[in-house]
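Since the structure comes first, as structure tokens, the remarks are kept for the end.
Every number here is computed from the coordinates shown, using simple stated rules; none is lab data. Everything numeric here is computed off the predicted structure, so don't read it as measured data. Here the Cβ positions follow ideal geometry from the backbone for every residue, glycine too, while neighbour counts run over all protein chains shown.
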Amino acid sequence: MSLILVESVEKKYEDKVVLNKINLEINQGEIFGLLGPSGAGKTTMIRLLTGQISATAGKITVFDKEVGKLNGTEKKQFGIMMDQFGLYERLSCYDNLKLFADIYGIKKEQIIQTLRAVGLEKAVKTPAMNLSKGMRHRLQLARVFMTNPKILFLDEPTSGLDPATSEEIHRLLLHKKEMGYLIFLTTHNMGEAEKLCDHIALLNEGKIVEYGQPQEICRKYNHQKKIRIRLKNGEELEYENSRDSAAKIEQLFQEQSIETIHSTEPNLETVFMERTGRRFE
Amino acid sequence: MNNMKAIFCKQAKDTMKNKAVLIQFLMFPVISIIMNQTIKVDNLPEGYFIRMFAVMYIGMAPIIAMSSIIAEEREKNTLRVLLMSNVKPGEYLLGTGTYVWIMCMLGAICMGIVGGYRGTDLMNFLILMAVGFIISIFGGASIGGFCKNQMVANSMMVPAMLILAFVPMMATFNTTIEKYGQILYSQQIQLFISHINDGKMEMKNYVITGINMVIVLITFVVAYRKNGLDE
């Protein structure tokens, strides 16, 4: 079931086109990644989808309704975590969540449960200003998770975090996906997208340059179709991905001389470079 | 109502840890009570310091508190989170404004009692203070509405509060300032407070106060029509 439908959406600020003819369809229970370098229009897309700003042209449908016509109850089904969405610095983790628990009519016990779920149970009374960057991200996620939204919008959820904290957040997101959440995330971390996302769109200068499943996209751009082998003696070999090569590779296996073996399909970053001629930064 | 209550409770907790705002609620009542109790000068009218600081309280505390709170929320993007959580701008302003008003009124009650007001006089004093706080709260909210961050809010609130708080005080020493200061609601409220016992007020005092309230309300509407609560 498609929860988000974006049809020919454009967003202009005066003469500058930020998003150009965007089309997307995102279903319940999937993680969708919008990938692009800084300034590509990712955050603008989230602001459009959540009704914070209006599109210059086109139509955005969420829950089978135009986003501008969603009522308060429907908007409460959104969980939004944006990089610039702040916390109440002087308030404790508990009080930061308590405010939203009161707004959403959530029981107090759930605040502690949510803090425990994101690993902040020991920081319940700690003011937000004393949290590390990773803990702040987790507190923001807790605020989003606590309200049990149907759609999560996450803008660069692991930006600037260490690998261990990023891994922890990935685990939380995959768990939410299993629970049937639709997660719309933006990132410029290709590894994160390949790991988490069911579908991705590569965004460059306001246009979608590629759309699909990450592995499918990588396979589509596998022009070389070769197999690269590194032997234990350090020698590197490259074979055509064909029947003729099979015997040679089998022999190397039998000789137990292979250290690594890889196909030459590109990663998303290489695909992006091929499509746009620019690097992901 | 639920959202307004949530905003009110959040503000109560936050202000206890926000010295810049908290001091505004405490400073004038405490100073006026200390001065009233310690300084005894011949021929100085009873409750002189209370009256003087009451007007300064009206002209400063609600303006600083309201504009600082709103500007900080805009700057830190917490206001956007609230609005995205379906809190209506009116609910936010009402929750915050009610909190600021109640805090100011608590100070006013202390000032009124220490100033020697009792019974109907105390009630009249509190009504005058309440009206003054409401006008100032709208003024502070207007400044918050025009400003994207606290620094801009500070640069706007300082001249406003200097005029509203100090002109009535200086008017007691200078007739020219008194003449021109009459257009301010803070000075009118000082006059009302001075005449609580005898009730010698003219229609023009009510009209000027009413006009001030209308001007502040128009400014408030313009501020939020132009910028919204979070633009």
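Semi-axes of the equivalent ellipsoid for chain A, computed as √(5λ) from the eigenvalues of its C-alpha gyration tensor and ordered from largest down, come to 39, 26, 16 Å. Here the protein assembly as shown is assigned +1 on the Cβ of each Lys and Arg and -1 on the Cβ of each Asp and Glu. Its dipole about the Cα centre then comes out at about 1080 debye.
The mean number of partner chain beta-carbon atoms within 10 angstrom of a residue's beta-carbon across peptide A:102-112 is 2. Just the C-alpha atoms of chain B: what Rg/Rh do they give, with Rh taken as the Kirkwood radius? Rg/Rh: 0.98. Charges were assigned to the Cβ only: +1 to each Lys and Arg, -1 to each Asp and Glu. The resulting dipole of region A:223-264 about its Cα centre is roughly 160 debye. Based on the Kirkwood radius over alpha-carbon pairs, what is the Stokes-Einstein translational diffusion coefficient of region B:13-59 at 25 °C with 0.890 mPa s viscosity, in µm²/s? The estimated diffusion coefficient comes to 209 µm²/s.
By the count of other C-beta atoms within 10 Å, a proxy for reagent exposure, B:Ile189, A:Ile208, B:Ile134, B:Ile23 are ordered fewest to most as B:Ile23, B:Ile134, A:Ile208, B:Ile189.
In whole percents, the pair-distance distribution calculated for region A:223-264 from its alpha-carbon pairs, binned every 10 Å from zero, is 31, 59, 10.
For chain B, relative contact order (Cα pairs under 8 Å, six or more residues apart, normalised by length) works out to 26 percent. On the beta carbon distance between A:Glu109 and A:Met273, with R0 = 30 Å, the FRET formula returns roughly 0.05. With contacts taken as Cα pairs under 8 Å at a separation of at least 6 residues, region A:207-281 carries a relative contact order of 37 percent. All Cα-Cα separations within the protein assembly as shown were binned at 20 Å from zero, giving a P(r) of 19, 40, 25, 11, 4, 1, each value a whole percent of the pairs.
Against the main long axis of the alpha-carbon atoms of chain B, helix B:185-194 sits at an angle near 40°.
So for chain A: antiparallel DSSP bridges make up what percent, rounded to the nearest 5? Given both bridge residues lie in chain A, the antiparallel proportion sits at roughly 65 percent. Take each peptide in B:53-65, A:19-31, count the other Cβ atoms within 10 Å of every residue, and average; sorted highest first, the result is B:53-65, A:19-31.
Summarising the label geometry, the points placed 7 Å from Cα in the beta-carbon direction at B:Lys179 and A:Lys16 lie 5.4 nm from one another. Summing charges over all other residues whose Cβ lies under 14 Å from the Cβ of A:Ile208, with Lys and Arg as +1 and Asp and Glu as -1, gives 0. Histogrammed with a bin width of 5 Å, the alpha carbon distances of region A:132-187 distribute as 4, 19, 34, 27, 12, 3, 0 percent, first bin at zero.
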